[in-house]
Amino acid sequence: MSTATVQQPTDPGWSSTVPASTDRLDRVVRAEWTKLWSVRSTLWTLLVLIVVTVGFAALATWGTMQGVKAGGENAPPPFDSTSLTLAGLTFGQLAAAVLGAMVISSEYTTGGIRTTLTAVPGRLRLLLAKAIVFVTVIFVVGLITCFASFFVGQSFLLPDYQVSLGDPGVTRAVVGGALYLAGSGMFGFAVGALVRQTAGAITAAVALLLVLPPLTFLLPGSWGDTVSEHFTSNAGQQITSATQAGTDPTVLGPWEGYGWFTLEWVVLLVVAAVLMRRRDA
């Protein structure tokens, strides 16, 4: 029986070694950056985030000052002026979470993830690149939004209620607002990677950040207080308070609350990463 022989190409530059993969992290990050801005929904969602956050800040500060003027001796007790100027974050966080969910789940919904994984076989590398690009964008936009919200809100406050960035805790609270938006976006991102379906991911993210947190205050007993205090946005929003957070020993401090908030979405993202390696595209 004759043995078939394989003829090797005579080109001296030919090598039987498979070329090294070109899906380096920096190249994947660049590709994900291009992909993020090639979709119209990215720009529109970020515009909604800015307009809603700043708009509600103006509305909240104006409405509160009207109450102060009309209240006279029955005016509201002292409040955190910085938190008031960042009141729009309650709604802005939803835009961040929606965009975070769409960044990854839309590819699963359309089936485009198969093409992406063909170009980038390293699934964890792909997930990391998407997270780096998204959290960078949402944090920078969040900084712009929070500082704009702060200054717009200050313009509606009466002189006795105005604060400046040099006052204790104010700058930390404003920057903390950007960190909170980034965390909310990553919450949506983690849920999107876990659920892999856009509508379901958005619904779950909205429930976790907006619907369920107020309901946790209805839980009875000390364990109910603990759950509500540490639950997602209840904990995360402590970082946007300049004066109240940390003064009450029963309330989480700003960084402690944000730490719990971060831990929660990181756990979701780790679970999603493990499942991403095991599940089919």
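Just so you know, all these numbers are worked out from the coordinates, no wet-lab data involved. Note that the structure is predicted; figures quoted are calculated from it, not measured. Reconstructed Cβ throughout: ideal geometry from the backbone, glycine too, with neighbour counts over all protein chains shown.
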Relative contact order (%) - criterion: Cα under 8 Å, at least six apart; region: the stretch 93-210: 54
Cα→Cβ-extended label distance, 7 Å offset, between V211 and R125, nm: 3.9
Stretchable slack from L218 to E256, in nm (0.36 nm times residue separation minus alpha-carbon distance): 11.4 nm
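Let me make sure I get this right: for the stretch 177-257, a, b and c are the square roots of the gyration tensor eigenvalues over alpha carbons, sorted descending. Under 1.5 in a/c it's rounded, otherwise prolate if a/b > b/c, else oblate. Which is it? If you can, show how the numbers build up before the last one.
Numbers: a/c = 3.03, a/b = 1.49, b/c = 2.03.
Oblate.
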FRET efficiency, 1/(1 + (r/R0)^6) with R0 30 Å, evaluated for Q197 and L25 via beta carbons: 0.65
Contour excess over end-to-end distance, with Cα ends at K69 and T34 and 0.36 nm allotted per residue: 7.6 nm
(i) 184; (ii) 149; (iii) 124, with the label sought being that of the calculated volume of the Cα convex hull per residue in Å³: (i)
Under the Karplus curve 6.51 cos²θ - 1.76 cosθ + 1.60, θ = phi - 60°, whole-Hz ³J(HN,Hα) for the stretch 146-155, x wherever Gly or Pro sits: 5, 5, 5, 4, 4, 6, 5, x, 4, 5
Helix 89-110 vs. the chain, principal-axis angle (Cα, 0 to 90°, nearest 10): 20
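What full-extension length gain, to one decimal in nm, is calculated for T110 and D280 as 0.36 nm per residue of separation minus the Cα-Cα distance?
59.7 nm
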Label-point gap, in nm, between V227 and D160 - each point 7 angstrom along Cα→Cβ: 4.2
The chain: relative contact order as a whole-number percent, Cα under 8 Å and 6+ apart: 22
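Shape verdict for the stretch 126-281, please, from the Cα gyration tensor: rounded (a/c under 1.5), prolate (a/b greater than b/c) or oblate. Don't skip to the end; give the middle numbers.
Numbers: a/c = 2.34, a/b = 1.44, b/c = 1.63.
Here the stretch 126-281 falls in the oblate category.
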